[in-house]
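*Asks:* Can you keep this structure in mind? I'll have questions shortly.
The values are calculated or read from the model by the stated rules, or taken from the named source; none is laboratory data. Keep in mind the model is a prediction, meaning the values are calculated, not measured. When we count neighbours, we look across all protein chains shown, and the Cβ atoms used for this are built from the backbone with ideal geometry, even at glycine.
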Amino acid sequence: MRALATHLATQYKRSIERFSESRVFVTLLCLSLVITLGCASVRTPMNPGSTDSLKLDEGLVLGRIQLLGSNGEQFASPDRPFRGPFHIQWRLKEESFGKEIVIDDLPRQGPFVLKLPTGSYQLTEISFDTALGIWQTSLPASFTVSPQGCTYLGTWELRMRAGFFDGSVSRQVIDQRSMAERDVKAFVNDGLCPPMIAQLGPARESPLILTFRTQGTELTSPP
């Protein structure tokens, strides 16, 4: 009986140690995520046919993205220009309180609708997350989200050039408001469609910088 009690006590102690180790691991994981995202909240675009209602302090942001090659050609493969699968993120900063929001999983081709709190926003960074690493660029833009309104950003034609460690991206903004009106009706219930206000950004070009991942180490290409 004493041997059984000793065995159970030993198993209990080991379980407590394993729990403590797992709790430390989870804590470190959470801290790393906070550092990576810079304390930013993460949002994703709305799905087509959404029935979510807008709160009094929310508005919509509508636009289109069209990724092209450096000469304006369509990509022959969905993996181009980064030689592997990738997804697009925006990092926004709300001007009044400095709150940051990461918009994850924006489309490579086609429309998007975002539901955001009212306020004035700056687009501070665009990133392309790949298996090789994260390509980042700065194509500044600013817009305002009005209470229960819809801010139209236009069609962003992004021409991409990516080498092994560096590249560039240029943005041309096209006003396709008639197409945008159809897009917003495809995403939200007809009864929720608010008036549209266009805030089109300027044409810009910016270098792409790669933060390369290899065996737990991150290397950033020169600007």
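*Asks:* Can residue 132 be described as under 16 Å from the mean Cα position of the chain (by Cα) and of a type outside the set (Phe, Trp, Tyr)?
*Replies:* So residue 132 fails the test.
*Asks:* Whether any residue in region 182-189 is surrounded by 15 or more Cβ atoms within 10 Å (Cβ to Cβ), within 18 Å of the chain's Cα centre (by Cα) and either more than 30 Å from residue 82 (Cα to Cα) or hydrophobic (A, V, I, L, M, F, W, C) (or both) is what I want to check.
*Replies:* Within region 182-189, none of the residues are surrounded by 15 or more Cβ atoms within 10 Å (Cβ to Cβ), within 18 Å of the chain's Cα centre (by Cα) and either more than 30 Å from residue 82 (Cα to Cα) or hydrophobic (A, V, I, L, M, F, W, C) (or both).
*Asks:* How many residues are in contact with a Phe, Trp or Tyr (Cβ under 8 Å, 6 or more places away or on another chain) and loosely packed, with under 15 Cβ neighbours inside 10 Å if we restrict to region 109-130?
*Replies:* 1
*Asks:* Can you tell me which residue among 75, 82, 97, 143 is in a loop (DSSP other than H, G, I, E, B), in the same structural domain as residue 174 (by TED's automatic domain parsing) and under 18 Å from the mean Cα position of the chain (by Cα)?
*Replies:* Of the residues listed, the single one that is in a loop (DSSP other than H, G, I, E, B), in the same structural domain as residue 174 (by TED's automatic domain parsing) and under 18 Å from the mean Cα position of the chain (by Cα) is 82.
*Asks:* Select, from 94, 100, 73, the only residue that is exposed (fewer than 11 other Cβ atoms within 10 Å of the Cβ), among the acidic types (Asp, Glu) and either at pLDDT 85 or above or under 19 Å from residue 156 (Cα atoms) (or both).
*Replies:* Of 94, 100, 73, the one residue that is exposed (fewer than 11 other Cβ atoms within 10 Å of the Cβ), among the acidic types (Asp, Glu) and either at pLDDT 85 or above or under 19 Å from residue 156 (Cα atoms) (or both) is 73.
*Asks:* Next question. Kindly indicate which of 167, 154 is in the same structural domain as residue 92 (by TED's automatic domain parsing) and more than 18 Å from residue 45 (Cβ to Cβ).
*Replies:* The conditions single out 167.
*Asks:* OK, next. Here is a list: 176, 215. Which entry is at pLDDT below 95, within 21 Å of residue 59 (Cα to Cα), more than 21 Å from the chain's Cα centre (by Cα) and of a type outside the set (Val, Ile, Thr)?
*Replies:* 176
*Asks:* Would you be able to tell me the number of residues in region 146-183 that are outside any loop (DSSP other than H, G, I, E, B), among the charged types (D, E, K, R) and more than 23 Å from residue 49 (Cβ to Cβ)?
*Replies:* Adding up the residues that qualify gives 5.
*Asks:* Could you tell me which numbered condition residue 64 fails, if it satisfies all but one of (1) within 15 Å of residue 159 (Cα to Cα); (2) surrounded by fewer than 18 Cβ atoms within 10 Å (Cβ to Cβ); (3) not β-branched (Val, Ile, Thr)?
*Replies:* That leaves (2) as the condition not met.
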